[in-house]
Structures are given as structure tokens and as C-alpha cells.
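The structure appears below as C-alpha cells.
Each value in this text was obtained by applying a stated rule to the coordinates, not by laboratory testing. None of the values given here were measured: they were computed from a predicted structure. Because the Cβ atoms are built from the backbone with ideal geometry, glycine has one as well, and the counts that use them run over all protein chains shown.
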Amino acid sequence: MLVEKNVPLEPWNTFHIVAKAHSLLRIANCADVQEVLADPNWGPHPKFVLGGGSNIVLTGDVKALVLKVEIMGKRLVQETDQAFIVEAGAGENWHDFVTWTLDQGYDGLENLALIPGTVGASPVQNIGAYGLELQDRFESLDAVDLQTGAAFTLNAAQCGFGYRDSVFKHGHGASGLGGATQRLGLAGRALIATVRFRLPKPWRAVVGYTDLERTMLETGVAQPSARQIYDWICDIRRAKLPDPAVLGNAGSFFKNPTVTPEQCADIIARDPKLVHYPLLDGSVKLAAGWLIDACGWRGKSVGHAGVYEGQALVLVNRGGATGGEVMTLAKAIQTSVYERFGILLEPEPLMV
Ligand code: EPU
């Protein structure tokens, strides 16, 4: 077991915040996890699971033992009349995996192209974009309990998916592992090793999102292939969102809030241009990017942290930003949005 010491984490978080892991262990398979848990030194030590580092803000050096997930592999596990079931190791790069599925003819993940991060992180926040969420294509996952070393499998219901949410973001539930009907809180407790996806047959395009509808009108392509949608999504994302390799960021920094129709009407009375989407359950989703933009934050900076010019929902590292600066900026944005609209924006990334 090779524990590396004082490892710079800058290349491994997409915000490119400078911080170190006091100790870091690369995990290539479940046996590696079990070995660390059985180790008298490291077994009881706090642990932090690191995937692609695309949804974290490092606020200092990490004292917990960092388990850097490098479990690889991708394969078709089953093909039926109804679906392809495809599996990938948690350490696989998400976008490369999406590209691979399309290359193989397993369509269905194209709307989620170009999302930064790893396959293992994708269920944690139930990644979503352009009308599709991970839960729409999720089959099951294998994980290891970081307390007991036991391997376990969860289906979609057990993952408790919600908007940018799952059991992996909540504290420990009293029920422990295996209680299918109770809400499991597995934050910090599970290392996701393998994820399986169900890609339904026949494939159907998901093109209801405004940006895609607009592209269809502009190009005159009324029945796009999965590859065509993949290309459009890549173009749309590249035009709107900063490439983390060039400008450090963690994607959307806040969740889109939901409000009651009354709250929404109240805001519209004052701000008629409010961007809002009625949801099936009667509530209304607001565009957090619009709220932040309306408060004048687009393009602004606090220290070395800033608000992206092209999309106010994305905070960026303008070079040398600390996690503290990012948090100061985030709090200032929360305060102005709250003071103007009475809405408290909830951050998406995990503060470490
Ligand atoms: N808007 C503004 N000003 C801005 C930004 C946005 O007025 O500075 C308005 C836009 O004009 C648009 C609306 O807000 O009418 C929504 O913007 P957009 O379509 O860019 O989507 P979003 O709601 O801001 C969400 C996801 C993204 C995902 C896109 C596309 C969340 C928190 N974010 O953003 O996910 O790519 O939809 O589906 O749900 C991520 O989670 O990291 C992420 C990038």
C-alpha cells in the first residue's frame, strides 16, 4: 500500500485551487479499499474520496486520507430487446465514457456530453443537462462501505436521486446499509466503484430544452441522430461554459431554486423578466444564473475569484484564487440575491 505524502491537489480539482493532501492513496479496485480499511494506521483515519475534483472547493490542505479513485474499465454487460446495459469503472472520465458509448452504438447519454468529472461522481449529484438527468439512464452501482469494507449494490430507488441530489450527499441514516425503503445517508461512507447504465431501445432523442430546440430550427435538422445531438451539446457547452482546463471552475456554483407560484408571481410583479419554469408538481423553478445576473454580478470579481462573463451561475478562478476567496464571493452573491429576491441560493459543490 503506497500512501503518497504532501501531494499537490491543484491538478486534481477543476477550480485549480492550490492545496495539498497530507496523504493520498490511489484506489485501483475494491481490494485496495479493503486493504486500507484493514490497515491499523489508516483504517480508523478519516477518509475523503476524490473523483474528478469537478464539484469541490478546497478551503485548505486536506488532512483526511484522500482516496483517489482510479478504478477503470468500460463494457457492455447485457443487451436485451429493451436496452443496452453498459458498465464503467468509477475512475473513468465521464465525457470519454459518453463518447465511447456513442462510438459503440449505445446511444442515450449524448445530452450529458462534456460534463467534467468522473463516472463515479456522476450519481453523487445526479448530473443533469439539456433535459436529461443521470437518474433517467441509471441502472445500479457497486460501492464499498468505508466503515466495514463490505461491498454492496444500490439500484436507482436506493440512491434516492433528486435534482443534483442523492443519498451520497446526506449524512448517515439510522437504518445503515440495505434498508431499501428508508432514506440512506451515505455521505462520506461509501466509495463508488462501478456504475451501470440502462440505455433504452429504441433510442429516442431528448430535444425539449430551449437551446436544442433553437439549434434544430437554425440547422433545419428535425430528426437529429444521437451523434448530432452530442455535437450540438458540445458546441453549446463550449460557447456558454468555461473550459476548466483553461479557466478553473466547478460548473454551476448554485442550484436552481424552486419557489411557490405565489412567490414567483410576487417577484414577477417587481421583475417581469424573471426566467422561470413551472414544474409538474406545481412549484416553479427559477434560473439562478438570471437572479445573479440581475444583481449585477456577471463579470465581477472578489480577489482572484470571479463570476464568469458568459454565465453568471459559474464562479471561476481568475488565477491564484483560494477556496476562501471563492467562498467570500459566493456568500456576497447569496446576500445580494437574498436581499433583492428573498431567495437563499444553495451552493452545488462540496466545501472540503
Ligand atoms: N441566464 C441569465 N444570465 C446568466 C445565466 C443564465 O439570464 O448569466 C438565464 C438564461 O438566459 C436562461 C436561464 O438563465 O434563460 C437558464 O440558463 P441555462 O440554460 O444556461 O441553464 P442553467 O439553469 O443556468 C442548468 C444546469 C447546468 C446545465 C444547464 C443546461 C443547474 C444548477 N445548472 O444551468 O448544469 O448545463 O442547465 O441543462 O441546474 C452544472 O450543474 O454544473 C451545470 C453546468
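Annotation: Gly43 fulfils all but one of (1) part of a loop (DSSP other than H, G, I, E, B); (2) touching a residue at least 12 places away in the same chain (Cβ under 8 Å); the unmet one is (2).
Counting only residues that are surrounded by 14 or more Cβ atoms within 10 Å (Cβ to Cβ) and more than 16 Å from the ligand (Cβ to nearest atom), which one in region 195-215 is farthest from Val77 (Cα to Cα)? The extreme case among them is Trp203.
Pairs meeting the criteria (first residue in region 56-78 and touching a residue at least 12 places away in the same chain (Cβ under 8 Å) and buried (at least 18 other Cβ atoms within 10 Å of the Cβ), second residue polar (S, T, N, Q) and outside any loop (DSSP other than H, G, I, E, B), beta carbons under 8 Å, at least 6 apart or on different chains) are Leu65/Ser23; Val66/Ser23; Val69/Thr118; Ile71/Thr194.
In a residue-by-residue description of region 41-64, the property of being polar (S, T, N, Q) and over 22 Å from the mean Cα position of the chain (by Cα) applies to at least one position.
Could you list all residues from region 101-129 that are over 14 Å from the mean Cα position of the chain (by Cα), assigned to a loop (DSSP other than H, G, I, E, B) and in contact (Cβ under 8 Å) with a residue 40 or more places away in the chain? Matches in region 101-129: Tyr106, Asp107, Gly108, Leu109.
Does at least one position in region 209-229 carry a residue that is closer than 17 Å to Gln311 by Cβ, among the β-branched types (Val, Ile, Thr) and free of Cβ contacts under 8 Å to residues at least 12 places away in the same chain? Yes, because at least one residue in region 209-229 is closer than 17 Å to Gln311 by Cβ, among the β-branched types (Val, Ile, Thr) and free of Cβ contacts under 8 Å to residues at least 12 places away in the same chain.
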